[in-house]
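Trainee: Pasting a structure here, questions to come.
The values are calculated or read from the model by the stated rules, or taken from the named source; none is laboratory data. This one's a predicted model, so the numbers in the text were calculated from it and none came from an experiment. Cβ: placed from backbone, ideal geometry, glycine included. Neighbour counts: every protein chain shown. Each accessible area value is taken on the protein alone, full model and side chains, heavy atoms only, with ligands, DNA and RNA left out. Shrake-Rupley method; radii C 1.70, N 1.55, O 1.52, S 1.80 Å.
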Amino acid sequence: HTDMYGRDANDVDVRTGLAGSYYRLGASYFLLGNTPESEKYFRQSLELRTELAKSDSNNTAKQIDLLLSTARCASHDETARMAEDLLPRVANDRGNLYNVCCAYSICAARGAGHERTPQEQAAAKRYTDAAIEALAKAVALGYNDLMALETDPELDEIRTHTGFGPLIERIKENQTVQ
């Protein structure tokens, strides 16, 4: 991949771009129902993003990228801990709050498609509620990308939550007023 650009494979920007490409490939294969390929690319993304985040622990963007890859590959509990640790850093950043919402929503979706145990149901509810809470904070700060909210597959799990619709309506009302 890096030969095309004539750049060093260890260059941080190249590795960041490659990690993002792996994540998008994972997401694409996930949407196509190709679980083995999806998992392969999500894992590759996680490996790179883990290295990148460790090398620059103060870089919020790298930590958010790691959070999203972790949500796809690791335990729900680990992802939730990471999200909780990041929340104070992103409390006033509507875009990053949206990304935290996505991570929680991904966690809530785990196990969908089969009958969930009571523990899995409780975990899915916790993550869905946390996703809606993060999204509500983002909307309160002015997040207003209706297209993303209505089409981003990472939010599929929370669209039926009772708190989701009112947030959409709030954005629409705010856009009408402006």
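Trainee: Using beta carbons and a limit of 6 Å, which pairs, at least six apart or on different chains, have the first residue in the stretch 53-81 and within 19 Å of residue 122 (Cβ to Cβ) and free of Cβ contacts under 8 Å to residues at least 24 places away in the same chain and the second one open to solvent by less than 30 Å² (accessible area, probe 1.4 Å) and among the charged types (D, E, K, R)?
Mentor: Close Cβ pairs satisfying both conditions: none exist.
Trainee: If we only count helices (runs of 4 or more DSSP H) wholly inside the stretch 53-165, which ones have 1 or more residues that are at pLDDT 95 or above, of a type in the set (Val, Ile, Thr) and open to solvent by less than 50 Å² (accessible area, probe 1.4 Å)? Full working, then the answer.
Mentor: Details: elements: 60-73, 76-90, 94-109, 118-140, 146-151.
Result: 60-73, 76-90, 94-109, 118-140.
Trainee: I've got another one for you. For a quick check of your reading of the model, give me the residue pairs whose first member lies in the stretch 82-108 and is at negative phi and free of Cβ contacts under 8 Å to residues at least 24 places away in the same chain, whose second is in a helix (DSSP H, G or I) and open to solvent by less than 10 Å² (accessible area, probe 1.4 Å), with beta-carbon atoms closer than 8 Å and at least 6 apart or on different chains.
Mentor: What qualifies is 82/67; 82/70; 82/103.
Trainee: Also, I was wondering about something else. State all residues of the stretch 36-49 that are open to solvent by 40 Å² or more (accessible area, probe 1.4 Å) and polar (S, T, N, Q); if no residue qualifies, say none.
Mentor: Within the stretch 36-49, 44 is the sole residue that qualifies.
Trainee: For the stretch 153-175, how many residues meet the condition of being under 18 Å from residue 142 (Cβ atoms) and charged (D, E, K, R)?
Mentor: 4
Trainee: Being open to solvent by 90 Å² or more (accessible area, probe 1.4 Å) and assigned to a helix (DSSP H, G or I) is the filter; apply it to the stretch 2-35 and report the residue that is modelled with the highest pLDDT.
Mentor: Start the filter on the stretch 2-35 by keeping residues that are open to solvent by 90 Å² or more (accessible area, probe 1.4 Å), which leaves 3-5, 7-8, 10, 13, 24, 30-32.
Checking which are assigned to a helix (DSSP H, G or I) leaves us with 3-5, 13, 24, 30-31.
On the way: 3: 52, 4: 47, 5: 51, 13: 89, 24: 96, 30: 93, 31: 92.
Per the stated criteria, the residue is 24.
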